[in-house]
Amino acid sequence: MDWSQIGSKRDKEEIIRSITGIPLAALRGDSLVRFGVLERVAWMQGRQTLRPEDQAYSLFGILDVTLPVIYGESKQRAMARLIEEARQVDRQHQRTQARSLDWRTGPGPERLVPHRAISEAAPALTESQGGLVAVWRGKDEPLGFFGPVPGTEHLFGSLNLWWTRMSSNDNVHLTPGDVGVLHKDALSRERPAVAALAHQLVAAWKGVDDNTLYFSTLSNNSSEWTKPRPIPKAWSTASPVLARWEWGGFSRVYALWRGAVNSNVYLSWYDGENWQMEVKQLDDFIQTDTSPGLTCRRNELFVAWKAVSTNKLYWMRLDSEGTALLVEPHEMCWHGESSLGPALAELDGTIYATYKANHESTDTWLAAWSVESERFSPAEIVPDSNTEAAPSLVRMGNSLLLAWRGTDYEKTMWWRVGRRPGHAGGTVPSIGGFMSRL
């Protein structure tokens, strides 16, 4: 193969993925600890070496393992030693990552889009092409102290969905791009959702005059979102939540929502071209009267929700088909109560949950899921993040970004970034550095 004749970096990525079985996310620089030990071992399949043991030894870097090389021990023995050591490294790494984030390492609260971006709710956020995309419901200019007269919101643009693409060079500062209407027919009284596939963005929301859930897409080579279309068999009294999932070379955008006539929670997914025609109803013990939270970790889905008629928060793990992996739901954590649903995000294998405090408080709380105990840690207050609405949480490089609607009368959207104590990024193995030189 003449490598110099292959034009784009994307084409090179696809060739390497098809030969090695390494997912595109890993090739593009995602931390390898996000992928399970056995999954990374499977990347060895089809590799040819002069000595059988070298098939195991060649994975030292990918598994972040150092072992004595003992030629003659057999491939099976070398693999057993390799996997055992890799699992110990993985467990230690996950225990380290489960610590709470330090919000003092980044800037304090900043306006999401300076002098613009006024919203009735927190923005929907997704990581895309090295930056962030934000979608929100509301006008992009102040509405005045009293706001629009009820029933005339459409005249003031506060039913429109707005969006912008923001660049970030250091995972600490954001530079907003142009702000525009997502689509003239994209209208909602609820907070929207957004997620990114490799070659397109997907936005979803609840319609204004009915309980239909709609979606629109934006290709990377396009500047206009598609005309809104209904998500098949998806009806709700609130907007859905979206999460990107990538595993074994496959990628999807999952959508999760509460029912329009009951408190059950429903799941569907989009493969980049079509939605599942058969919607999955989750187990009956997953019921809520607000929008749930959703994120993906490896080949699993994490779901969190506010229980019906109470303020307690619960969580469950599901497989990629929506089947529960736990016998029953677990309470989220101490202080895990809210009148609104939580937001979830994954960072290097750890699941983080954030939610608005219960009762009269406007504090925002954050908790981390521990791999070792399979429980969420006691929640901690994120400083200077007061809100009266459900917040948003998204991974941005090696950090998490929290965004919320302010309590000021203009309803400004704010954000701040948090990192794990002592973590500056770039300390875990990555294939992305090699790919960036192709």
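Conditions (1) crowded, with 16+ Cβ neighbours inside 10 Å; (2) at pLDDT below 95; (3) hydroxyl-bearing (Ser, Thr, Tyr), marked per residue:
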site	(1), (2), (3)
ASN262	no, yes, no
TYR266	yes, no, yes
PHE285	no, yes, no
THR290	yes, yes, yes
LEU294	yes, no, no
VAL303	yes, no, no
LYS306	yes, yes, no
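If you scan region 240-284, which residues turn out to be touching a Leu at 6+ places or on another chain (Cβ under 7 Å), closer than 18 Å to LEU325 by Cβ and charged (D, E, K, R)? If the condition is that a residue be touching a Leu at 6+ places or on another chain (Cβ under 7 Å), closer than 18 Å to LEU325 by Cβ and charged (D, E, K, R), then LYS280 is the only one that fits.
Among the listed residues SER222, SER263, SER236, identify the single one that is hydroxyl-bearing (Ser, Thr, Tyr), out of contact with any helix residue (DSSP H, G or I) (no Cβ under 8 Å at 6 or more places or on another chain) and within 27 Å of GLU13 (Cβ to Cβ). Sole residue among the options that is hydroxyl-bearing (Ser, Thr, Tyr), out of contact with any helix residue (DSSP H, G or I) (no Cβ under 8 Å at 6 or more places or on another chain) and within 27 Å of GLU13 (Cβ to Cβ): SER222.
Name the single residue, out of those in region 276-318 being of a type in the set (Asp, Glu) and over 16 Å from the mean Cα position of the chain (by Cα), that is farthest from ALA357 (Cα to Cα). Please lay out each step first, then the result.
Our first condition is that a residue be of a type in the set (Asp, Glu); within region 276-318, this holds for 278, 283-284, 289, 300.
If we keep only those that are over 16 Å from the mean Cα position of the chain (by Cα) too, we end up with 278, 283-284, 289.
Values: GLU278: 36, ASP283: 27, ASP284: 26, ASP289: 17 Å.
Selected residue: GLU278.
In the set (1) outside any strand (DSSP E or B); (2) crowded, with 23+ Cβ neighbours inside 10 Å; (3) of a type in the set (A, V, I, L, M, F, W, C), the condition left unmet by ALA255 is number (1). Output the number of residues of region 176-210 satisfying the condition of being free of Cβ contacts under 8 Å to residues at least 40 places away in the same chain and of a type outside the set (Gly, Ala, Ser). Total meeting the criteria: 7.
May I ask you to list the residues in region 263-292 that are in contact with a strand residue (DSSP E or B) (Cβ under 8 Å, 6 or more places away or on another chain), not aliphatic (A, V, I, L, M) and not in a strand (DSSP E or B)?
Keep residues of region 263-292 that are in contact with a strand residue (DSSP E or B) (Cβ under 8 Å, 6 or more places away or on another chain), which gives 263-272, 275-284, 286-292.
Filter again for not aliphatic (A, V, I, L, M), leaving 263-264, 266, 268-272, 275-276, 278, 280-281, 283-284, 287-292.
Those that are in contact with a strand residue (DSSP E or B) (Cβ under 8 Å, 6 or more places away or on another chain), not aliphatic (A, V, I, L, M) and not in a strand (DSSP E or B): SER263, ASP271, GLY272, GLN276, GLU278, ASP283, ASP284, ASP289, THR290, SER291, PRO292.
Of all residues in region 199-225, those being surrounded by 16 or more Cβ atoms within 10 Å (Cβ to Cβ) and within 23 Å of the chain's Cα centre (by Cα) number 14.
The values are calculated or read from the model by the stated rules, or taken from the named source; none is laboratory data. What you see is a predicted model; the values in this text were computed from it and never measured. Positions of Cβ are backbone-derived with ideal geometry, glycine not excepted, and every protein chain shown enters the neighbour counts.
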